[in-house]
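Notes to accompany the following structure.
Just so it is clear, none of the values below were taken in a lab; they were calculated from the coordinates. Values in this document were obtained by computation on a predicted structure and should not be read as measured data. Methodologically, a virtual Cβ is constructed for each residue, glycine included, from the backbone with ideal geometry; neighbour enumeration extends over all protein chains shown.
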Amino acid sequence: MKLSQFQELVRDEFGKEFAQVLISDTRLTELFDKTPKELIAQGEDPKDIWLAICSSQGVPKERWHGLPKTIRHAD
């Protein structure tokens, strides 16, 4: 997963403002008790970080791959 995809998933699920707080302040116990920001800086896979966030924040599994996209007729 690209870092931009990770950021989009976090923003879509938690909103722009809370996403920044979550990335900076939330400690992920299943990933060395570090924040997502620290893990990204260490080169951890953004996908693993995203899944750990989903698990720790109680995101329903059906949204772990992102919010459902509405298909428009023009697409």
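Here are some notes:
- For the range 1-54, a residue qualifies if it is surrounded by fewer than 17 Cβ atoms within 10 Å (Cβ to Cβ) and touching a Pro at 6+ places or on another chain (Cβ under 6 Å), and the qualifying residues are M1, L3.
- Output for the range 2-55, where each listed residue is on the phi > 0 side of the Ramachandran plot and touching an Asp or Glu at 6+ places or on another chain (Cβ under 9 Å): F32
- Enumeration of residues in the range 1-36 that are aromatic (F, W, Y) and either touching a residue at least 12 places away in the same chain (Cβ under 8 Å) or closer than 22 Å to P68 by Cα (or both): F6, F14, F18
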